[in-house]
């Protein structure tokens, strides 16, 4: 009985940890400075035919509110030709699209790039990963290949 209870506790904690890891954004260090990373990402995404819908400068907004924070900018990007058919089939994807990538600078000066994986984007929808592996997943790989160390 004790062994069964112990196994259940251990198994439950492993499942919970795996689930929480699956919810964490993919994170990697950029080989560029903060400003260069934003420029390189924006240029690369545009060159590949994607639209930059917005850039949200959180540090600037914090400063305007009388607060301070580390450099942090979210780039909102996508391809309406790829995203629209997905959202027509599954409107819940509109909560996740267009895609977003966060560029931030840590206290030690390293520049981090964070994004939700294509699997995470579709995880709360009816859309299978196979429907996005040749579109959303390619954008994820492009970003990593462009700026990661």
inquiry  = Just to be sure before I move on: is residue 69 more than 20 Å from residue 124 (Cα to Cα), surrounded by 19 or more Cβ atoms within 10 Å (Cβ to Cβ) and in contact with a helix residue (DSSP H, G or I) (Cβ under 9 Å, 6 or more places away or on another chain) in the structure I sent?
reply    = no
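A quick yes/no check of all residues on (1) over 21 Å from residue 38 (Cα atoms); (2) assigned to a strand (DSSP E or B); (3) modelled with pLDDT of 95 or more:
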position: 74; (1), (2), (3): no, yes, yes
position: 121; (1), (2), (3): yes, no, no
position: 130; (1), (2), (3): yes, no, no
position: 137; (1), (2), (3): no, no, no
position: 146; (1), (2), (3): no, no, yes
Residues being buried (at least 19 other Cβ atoms within 10 Å of the Cβ), outside any loop (DSSP other than H, G, I, E, B) and without any contact (Cβ under 8 Å) to a residue 40 or more places away in the chain - total across segment 88-103 = 2
key: Matching residues, segment 36-62, being touching a strand residue (DSSP E or B) at 6+ places or on another chain (Cβ under 9 Å) and in a helix (DSSP H, G or I)   = 36, 37, 38, 40, 41, 42, 45, 46, 58, 59, 60, 62
key: Members of segment 124-149 found to be touching a residue at least 24 places away in the same chain (Cβ under 8 Å) and either at positive phi or more than 12 Å from the chain's Cα centre (by Cα) (or both), listed by number   = 124, 125, 126, 127, 131, 132, 135, 142, 146, 147, 148, 149
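The values are calculated or read from the model by the stated rules, or taken from the named source; none is laboratory data. In this text, all values refer to a predicted model and were calculated from it rather than measured experimentally. Cβ sites come from the backbone with ideal geometry, for glycine too, and all protein chains shown count toward neighbours.
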